[in-house]
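Written out below as structure tokens is the structure these notes cover.
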Amino acid sequence: MSKVIVVTSGKGGVGKTTSSAAFAAGLASKGHKTAVIDFDVGLRNLDLIMGVERRVVYDFVNVINGESTLKQALIKDKRVENLYILPASQTRDKDALNKEGVESVINELKADGFDYIVCDSPAGIEKGAFMALYFADEAIVVTNPEVSSVRDSDRILGILQSRSKVAEEGGTVKEHLLITRYSPERVEGGDMLSKEDIQEILSIPLLGVIPESGSVLQASNSGNPVIMDKESQAGQAYMDVVSRFLGEDIPLRFVESEEKKGFFKKLFG
Amino acid sequence: MQLKGEMSMLNVLHIQDTDVSEICSKLEQKRDEAPQFFMQSPIVIDGSELSGNALEFDFSALKQGLLDLGFIPVGSRNFPPAANNLMRESGWAIMRDQQSTSSVSKSEPVQKNQVKDSPVEESKENINTAPQTNPVAVMKTQMTVDRPVRSGQQVYAENSDMTVLSPTSAGSEIMADGSIHIYGALRGRVLAGARGNESARIYCQSLQAELIAIAGRYQLLDESDTTLKGKPAMIRLDGEKLVIEAL
């Protein structure tokens, strides 16, 4: 049974594309056939983060318009088995997307035996974001520990539960909270919302917390999903997210400051 | 024996043109969709959308047509006064014009007892123009909300009380014609007695609302206004003033 997962946030720049790339690569590395679709038509980024920008011939909009087959447009990742990328068009805008076209692409991916279809949503609550979430069975809501990001996530959760296909048919889209750019030191200092604060406002289950880390920027710039960097905290945190998503019970890591850990170590030896 | 002026729910047939047989055949189709529901049900005709000349309208034929379809015609409203005699002759009761009612039905309220996502601009308008008509609305049901009410969402319990078991978010809006009970955190806007019921109250477990309103009297909830922020509270209307009390 294939699952459609939207990675969304409302607000821009919180780490949707980074998370989509890492999450999809993680699922594929665990042996699941995974496709990741870039819905940000006109502001194509996923191909860069995945390091496949020089291999884009046809794109999502070409497939929707029947100008190419899905097979021609899907880019097979060279590093991870089972991982495929469907890039967005850079020369078009969000109006090039329509429900029928998106549905036919998703159905074709399902028929091709993909286990997971990850939809990387653009920012905002307009057509692109709406198209990305419309066919979702589950949603990963990416939130930064600051008030405007939390407010926007709240808004997108409302849209998810009232305007997606599952919601229209009377069901519920399964929600997951992913907090990114988390800095335990700054939380303790009081200038960042804690994961408990965010959870209290959004009241959805927490899938994971990704620490603020220089390795994320480095990975993005080099075109390697950060999850492949097994040394970095962010990479390990993303791998935990994937395992948790697949049903494993794994405790949160990297959510306490080094200082505090040191203190407790001193205390309890 | 008691005689009271009260309102009940009635089906209203909006007449747009003077072709009675056309009206009846369309109505027959509607009736056949839910024959049990319409069986012997009272019906009011409304002329506010009539484009033809009301004096040429065959009111007797319409009355007979409605009876034949199994409806019970009870009255007419919003027809031009010139047609009053004509209507009386054919046995129609003339109900007092209710501009408010007809304007509401024309503008198609966006939500009726359901969660709807709508732009924030719309919700702003709703605040200051909280309708104050129909003071004696019949409380019929009770609406329960068990999912979080998110930023940008509006929930409206028409003609009823509302119970919210989940939290409501900043930027959300919950409205009821009756009282509102909130067991999760109350963070958005909350409007009880939306159609002017002054005895409506708001009860909540954790008062963090942005705005509170009862029967059109509203108040922004700044920290200075109450010591009950984040605590269980009840809000009621005392004259023209909203009173916040500990629960």
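Within segment A:198-216, if we keep just the residues that are under 15 Å from A:Pro184 (Cα atoms) and hydrophobic (A, V, I, L, M, F, W, C), the residue that is farthest from the other protein chains (Cβ to nearest Cβ) turns out to be A:Ile210. Among the residues of segment B:152-182, those that are open to solvent by 10 Å² or more (accessible area, probe 1.4 Å) and part of a loop (DSSP other than H, G, I, E, B) comprise B:Glu158, B:Asn159, B:Leu165, B:Pro167, B:Ala170, B:Gly171, B:Ser179.
The listed residues are A:Ile125, A:Ile140, and the only one of them that is in contact (Cβ under 8 Å) with a residue 12 or more places away in the chain and buried (at least 24 other Cβ atoms within 10 Å of the Cβ) turns out to be A:Ile140. Against the test of being touching a residue at least 24 places away in the same chain (Cβ under 8 Å) and open to solvent by 50 Å² or more (accessible area, probe 1.4 Å), the options A:Lys33, A:Lys71, A:Lys78 yield a single qualifying residue, A:Lys33. Within segment A:1-29, residues that are within 21 Å of A:Val147 (Cα to Cα) and in a loop (DSSP other than H, G, I, E, B) reach partners that are open to solvent by 10 Å² or more (accessible area, probe 1.4 Å) and of a type in the set (Val, Ile, Thr) with beta carbons closer than 8 Å, at six or more positions or on different chains, in the pairs A:Gly10/A:Ile125; A:Gly15/A:Val216.
Considering segment A:92-117 alone, what residues qualify as being in contact (Cβ under 8 Å) with a residue 40 or more places away in the chain, within 18 Å of A:Leu46 (Cβ to Cβ) and of a type outside the set (Lys, Arg)? Result: A:Asp93, A:Ala96, A:Leu97, A:Val105, A:Ile106, A:Leu109, A:Phe114, A:Tyr116, A:Ile117. The set of residues from segment B:148-188 being in contact with a helix residue (DSSP H, G or I) (Cβ under 7 Å, 6 or more places away or on another chain) and on the phi < 0 side of the Ramachandran plot comprises B:Arg150, B:Ser151, B:Gln153, B:Gln154, B:Ser169, B:Ala170, B:Glu173. Considering only residues of segment A:153-182 that are closer than 23 Å to A:Val241 by Cα and open to solvent by 50 Å² or more (accessible area, probe 1.4 Å), which is farthest from the other protein chains (Cβ to nearest Cβ)? Looking at residues that are closer than 23 Å to A:Val241 by Cα and open to solvent by 50 Å² or more (accessible area, probe 1.4 Å), I get A:Arg181. The residues of segment B:196-228 that are small (Gly, Ala, Ser), assigned to a loop (DSSP other than H, G, I, E, B) and either buried (at least 18 other Cβ atoms within 10 Å of the Cβ) or not assigned by TED's automatic domain parsing to the domain that holds B:Met175 (or both), listed by number, are B:Gly196, B:Ala200, B:Ala209, B:Ala215, B:Gly216. Filtering B:Tyr218, B:Tyr183, B:Tyr156 for residues that are of a type in the set (Phe, Trp, Tyr), under 30 Å from A:Pro205 (Cα atoms) and under 22 Å from the mean Cα position of the chain (by Cα) leaves a single hit, B:Tyr156. Among the residues of segment B:150-184, those identified as more than 8 Å from every other protein chain (Cβ to nearest Cβ) and aliphatic (A, V, I, L, M) are B:Val155, B:Ala157, B:Met162, B:Val164, B:Leu165, B:Ile174, B:Met175, B:Ala176, B:Ile180, B:Ile182.
The conditions of being at pLDDT below 95, open to solvent by 90 Å² or more (accessible area, probe 1.4 Å), in contact with an Asp or Glu (Cβ under 8 Å, 6 or more places away or on another chain) and more than 30 Å from B:Leu186 (Cα to Cα) are not met by A:Glu231.
The values are calculated or read from the model by the stated rules, or taken from the named source; none is laboratory data. Bear in mind that the values here come from a model prediction, so they are computed numbers and not experimental data. In this analysis, Cβ positions are derived from the backbone assuming ideal geometry, glycine residues included, and neighbour counts consider all displayed protein chains. Just so you know, the surface numbers come from the protein's heavy atoms only, side chains and all, with ligands and any DNA or RNA stripped out. Shrake-Rupley method; radii C 1.70, N 1.55, O 1.52, S 1.80 Å.
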